[in-house]
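Beneath this line is the structure, given in structure tokens, with notes to follow.
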Amino acid sequence: MNLALDESWSAYLSQELKAPYMEELFRFLNQEFKSGKQIYPPASNIFEAFRLTPFDQVKVIILGQDPYHGPDQAHGLCFSVNKEVKIPPSLVNIFKELNNDLGIQVPTHGCLESWARQGVLLLNNVLTVEDGKAGSHHQKGWEKFTDRVIEILNHEKDHLVFILWGSPAQKKASKVDENRHKIIKSVHPSPLSVYRGFVGSKPFSQTNTYLKEKGLKEIDWSLT
């Protein structure tokens, strides 16, 4: 399994990755891969969010739930798919809100790497899933790991924006000091819940307004 995080994360996560619960999680994953099960994202992409967004550059955290559980979709960044892959329904709704919020043209592809490279940590609550089985890797250790990631970011940095979509992501709000950071919460952008509070929530303009207020560079949310 590829643990190629950006070096800036190592000081904060190296011990966590060696913790007994993580060793148990890695044993589980290795067994799943060896047994021939199709696991997403590919092993080389599981920590992609930590590779593309160095710790010292994190300004925004978008927290999703599971990786996509269909073929060729998940590549280690929440909600993102590679450019040649059809844009999934949740991401279609995110792009519609982006257009409504900032007037940015709806992108023609779903690869969010440019956000990641600007300091948007695209993190799922759980980092792996079995093909066709949403939630199949819940309670295996990932939730504890991503809790720890949020706790470290909360403690070590100031003026972060946490965008929490869906109830599993919103539970992480308890790890965040709202006196030091901004939390933006709404329902998940999936077709099942998008009209219960995601539409019109304006997360992108809220984020940039906060960053500007704190003297930080705003995110260019457009995708070319």
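For the reader, a short list of remarks on this structure follows.
- Once backbone amide H atoms are built at 1.01 Å from N, Ile184 has Phe162, Ile163, Leu164 as its partners under 5 Å, excluding neighbours fewer than 5 places away on the same chain.
- Backbone phi angles across segment 115-132, fed through the Karplus curve with coefficients 6.51, -1.76 and 1.60 (θ = phi - 60°), yield HN-Hα couplings of 5, 4, 6, 9, x, 9, 7, 9, 10, 8, 5, 10, 9, 9, 7, 8, 3, x Hz in residue order; Gly and Pro are listed as x.
- For segment 65-145, averaging the sequence separation of C-alpha pairs within contact (under 8 Å, six or more residues apart) and dividing by the residue count gives a relative contact order of 38 percent.
- For Leu121, distant residues with modelled amide H under 5 Å away: Lys59, Val60, Ile61, Ile62
- Annotation: the antiparallel percentage among DSSP beta bridges lying fully within segment 1-154 is about 40.
- Pairwise label distance in nanometres, Ser222 with Lys34, each label 7 Å out on the Cα-Cβ vector: 5.1
- Using the Karplus relation 6.51 cos²θ - 1.76 cosθ + 1.60 with θ = phi - 60°, the per-residue 3J(HN,Hα) values for segment 17-26 come to 5, 9, 4, x, 5, 6, 4, 5, 4, 5 Hz, with x marking Gly and Pro.
- Near Ala4, once Lys and Arg are set to +1 and Asp and Glu to -1 for all other residues with Cβ below 12 Å from its Cβ, the sum equals -2.
- Only protein heavy atoms count here; under a 1.4 Å probe, Ser186 has an accessible surface of about 10 Å².
- Percent accessible area from carbon and sulfur atoms, the chain, protein chains only, probe 1.4 Å: 46
- Each other residue within a Cβ distance under 9 Å of Lys202 adds +1 if Lys or Arg and -1 if Asp or Glu, for a net charge of -2.
- Value of relative contact order over segment 66-224, rounded to a whole percent, pairs C-alpha under 8 Å and six or more apart: 25
- Stretch gain in nm, segment Lys83-Ser114, where the contour uses 0.36 nm per residue and the Cα spacing is subtracted: 10.0 nm
- 1.4 Å probe accessible area per residue over segment 1-151, in Å²: 44
- Excluding same-chain neighbours fewer than eight residues apart, the aspartates and glutamates reachable from Lys171 by a Cα-Cα span under 12 Å are Glu143, Asp147.
- In units of the rule-of-thumb radius 2.2 N^0.38 Å, segment 1-54 shows an alpha carbon radius of gyration of 1.19.
- For segment 145-188, fraction of C-alpha pairs farther apart than 13 Å, in %: 47
- Expressed as a whole percent, the proportion of Cα-Cα pairs in the chain lying more than 26 Å apart is 32%.
- Multiplying the residue separation of Val92 and Tyr12 by 0.36 nm and removing their Cα-Cα distance gives an extension gain of 25.4 nm.
- Out-of-range pairs (alpha-carbon distance over 26 Å; input Lys172/Lys214; Lys83/Lys185; Lys83/Lys133): Lys83/Lys185
The values are calculated or read from the model by the stated rules, or taken from the named source; none is laboratory data. In this text the structure is predicted, and so the values were computed from the model without any measurement. Note: ideal-geometry Cβ built from the backbone for every residue, glycine included; neighbour counts use all protein chains shown. The protein model used for the area step is the full one, side chains on, heavy atoms only, and it has no ligands, DNA or RNA in it. Shrake-Rupley method; radii C 1.70, N 1.55, O 1.52, S 1.80 Å.
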